[in-house]
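Following this message is one structure expressed as structure tokens.
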Amino acid sequence: MAMQWAMPWPGGDLARQAESAGAAAFCAGEFADTGAYVTASEMAHQTSTARIGPGIAYAFARSPFVHAAAARHLNKIAPGRVFLGLGAGTGRMNRDWFGVDSSHPAPRMTELVRCIRAFLEAENGERIAFDGDFYHIDARIQAPVLGPIDVPILLGAFNVHMLRAVGGVADGVLGHGLFTDRWWAEVVEPNLALGARRAGRDPTGLLRWGWVITAIGDDDPQRAIDDAKLQIAFYLTVKTYDSLVALHGWQDQVAAIRADFAGKDPRAIGRHVTDEMLWAMAACGDTAQARAMLAARSALPDLGFHSPPGFLVSPRRRKQYGTKVVEAFTRTGAVT
């Protein structure tokens, strides 16, 4: 089965080229200076066929009502093209940045998805009620502004508990750029199936979307490879991904990465990313090698957001990488 290709939002001009070349979707993350729903509004106005949505928005930083209202607003601009990609974020971010409780993230996320869906599926005049451990809703919205809309909800999920939550209540998973074939096959799929089975759902209907670290540079392929290695290494400084590291036996490499990073030598961390690691998690080098790396994969997501490296990479070079993605897929289409 071919992997549809997609991109993090590259701006209107390049997005229109990408859409004409067959890009299936655009997504937007967020941070202290960027809002995923604001960027999604730009996408809605500046595209015409591709799916658009946050990917990911901080789930617990907003109430179910706010998520659902934003989805309805986007759906007015881009009817039938909107998805919601939500992620829990770290406990520290939720507590110290957002000022919210994020304890028990998987069951909390399960309730959040159910509440959002209740708002999205409500008929005009229908009471919207939910009484759970984390959310309590009793809404009677008298204005005739509701009516059911179809907005898939996907979760950025890494650990087994959140993957089971995806299987239980969500429409799909948004896999991290570090996801390898083995992680998809040995961790993601079994836990999606377990969560679905417990909820009486069919896991085959779940969306399997994800990011693919992509750096294509025909003029300087080695620099593209080095940038991809830096991005992988930077991700692996976070202990969250230690179970993936252990699955592959990469503990020594990751220990060296973290030692260099802690030693204030961030540009050196990429040297510890081996070719095995690189081919398992990225598409990089010149166009031919990038496509060969994708073709060698056995468990790519159904839809892949080709994400240029960002760690110690200038905005100008990131834009160049985005342009090369569009050129590559304009010439040769989806990966099979």
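Per-residue accessible area for R201 at 1.4 Å probe radius, Å² rounded to 10?
For R201, the solvent-accessible surface is approximately 80 Å².
Using helices alone, what [θ] at 222 nm do you get for the chain, with -39,500 (n - 2.57) per DSSP H run of 4 or more residues, divided over all residues and rounded to the nearest 500?
Values: 12 runs with 140 residues, N = 336.
So the calculated ellipticity at 222 nm is -13000 deg cm²/dmol.
What ranking, highest mean first, results for peptides 6-13, 21-28, 64-71 when packing means the other Cβ atoms within 10 Å averaged over each residue? Can you show the working numbers first?
Details: 6-13: 18.5, 21-28: 22.6, 64-71: 20.2.
Result, highest mean first: 21-28, 64-71, 6-13.
Quick one: which of 50-61, 147-158 comes out on top by average Cβ neighbours within 10 Å, and what's the full order, highest first? Present the calculation step by step, with values, prior to reporting the outcome.
Values: 50-61: 24.0, 147-158: 20.2.
Ranked from most to least packed, the peptides come out as 50-61, 147-158.
Shifting gears a bit: Could you tell me which residue out of P105, G55, H45 lies farthest along the dipole of region 1-116 toward its positive end? Charges go on the beta carbon: Lys and Arg +1, Asp and Glu -1, centred on the Cα centre.
Positive-end residue among those listed: P105.
So which aspartates and glutamates pass the test for K239, namely a Cα distance under 16 Å, with those fewer than 8 places away in the same chain ruled out?
Those aspartates and glutamates meeting the cut-off are D252, D260.
Let me ask another. Roughly how many Å is it from the Cα centre of region 225-242 to that of region 131-199, as a whole number?
Comparing the Cα centres of region 225-242 and region 131-199, I get a distance of 26 Å.
Once you have the alpha carbon radius of gyration of region 1-111, what is it after dividing by 2.2 N^0.38 Å, with N set to its residue count? List each step's numbers first, then the result.
Values: Rg = 14.9 Å, N = 111, 2.2 N^0.38 = 13.2 Å.
Region 1-111 yields a ratio of 1.13.
Taking K and R as +1 and D and E as -1, what net charge do the other residues with C-beta under 11 Å from the C-beta of V188 add up to?
Cβ neighbours under 11 Å give a net charge of 0.
Rounded to two decimal places and with Rh computed the Kirkwood way over Cα pairs, what is Rg over Rh for the chain? Each step should come with its number before you reach the end.
Details: Rg = 19.9 Å, Rh = 20.6 Å.
Checking Rg against Rh, the ratio lands at 0.97.
Antiparallel versus total DSSP beta bridges in the chain: what percent is that, nearest 5?
Numbers: 6 of 38 bridges.
If we restrict to bridges inside the chain, about 15 percent are antiparallel.
Follow-up. What FRET efficiency comes out for Y135 versus D219 if R0 is 51 angstrom and r is the Cβ-Cβ distance? Round to the nearest 0.05. It would help to have the intermediate numbers written out before the result.
Working: r = 52 Å, r/R0 = 1.01.
Using R0 = 51 Å, I get an efficiency of 0.50.
For region 126-183, compute the orientation-averaged projected area of the C-alpha convex hull (one quarter of its surface), in nm². Present the calculation step by step, with values, prior to reporting the outcome.
On the way: hull surface 23.5 nm².
Approximately 5.9 nm², given one-decimal rounding.
Hey, another quick one. Just from the alpha-carbon atoms, what are the Rg and Dmax of region 267-331 in angstroms?
Taking only Cα atoms of region 267-331, I get Rg and Dmax of 12.6, 35 Å.
Here's another thing I want to ask about it. Among L163, G132, S314, pick out the residue whose Cα is farthest towards the positive end of the charge dipole of the chain, where Lys and Arg carry +1 and Asp and Glu carry -1 on C-beta, about the Cα centre.
Comparing the listed Cα positions along the dipole, G132 ranks first.
Over region 86-138, calculate the relative contact order: mean separation of alpha carbon pairs under 8 Å at least 6 apart, over the residue count, as a percent.
Details: 34 pairs, mean separation 12.7, N = 53.
Computed value for region 86-138: 24 percent relative contact order.
Just the number, please: percent antiparallel of the DSSP beta bridges in region 101-239, rounded to the nearest 5. Display every interim value, and only then the final one.
Details: 4 of 11 bridges.
Antiparallel: roughly 35 percent of the beta bridges in region 101-239.
Is there a quick way to get the dipole size of region 210-326? I mean about its Cα centre, with the Cβ of Lys and Arg at +1 and of Asp and Glu at -1; what is the value in debye to the nearest 20? List each step's numbers first, then the result.
Numbers: 14 positive and 13 negative charges, 82 e Å.
For this selection, approximately 400 debye.
On average, how much area does the Cα convex hull of region 179-316 cover when viewed from any direction, in nm²? Display every interim value, and only then the final one.
Values: hull surface 36.2 nm².
Across all orientations, region 179-316 yields a mean hull projection of 9.0 nm².
Just to verify a number: FRET efficiency for D252 and Q142, C-beta to C-beta distance, R0 = 51 Å, to 0.05? List each step's numbers first, then the result.
Details: r = 63 Å, r/R0 = 1.23.
Efficiency, from the Cβ-Cβ distance: 0.25.
Could I ask something else about it? By a straight-distance test (C-alpha under 28 Å), which lysines pair with K324 as possible cross-link partners, with residues fewer than eight away in the same chain excluded?
Within the straight-line limit of under 28 Å, K324 reaches these lysines: K229.
Relative to the compact globular guide of 2.2 N^0.38 Å, what is the alpha carbon radius of gyration of region 1-49, as a ratio? Intermediate values should be presented prior to the final figure.
Numbers: Rg = 11.3 Å, N = 49, 2.2 N^0.38 = 9.7 Å.
Relative to the rule-of-thumb radius for its length, region 1-49 sits at 1.17.
Taking the Cα centre of the chain as origin and charging only Cβ (+1 Lys, Arg; -1 Asp, Glu), how large is the dipole, in debye to the nearest 20? Write out the running numbers ahead of the final one.
On the way: 34 positive and 34 negative charges, 43 e Å.
The dipole of the chain has a size of about 200 debye.
Rounding to the nearest 20 debye, state how big the charge dipole of region 1-148 is about its Cα centre with +1 on each Lys and Arg Cβ and -1 on each Asp and Glu Cβ.
Magnitude of the dipole: close to 160 debye.
The values are calculated or read from the model by the stated rules, or taken from the named source; none is laboratory data. Everything quoted here is computed from the prediction, not taken from an experiment. FYI the Cβ positions are ideal-geometry reconstructions off the backbone, even for glycines, and counts take in every protein chain you see. For accessibility, only protein heavy atoms count, side chains too; no ligands or nucleic acids. Shrake-Rupley method; radii C 1.70, N 1.55, O 1.52, S 1.80 Å.
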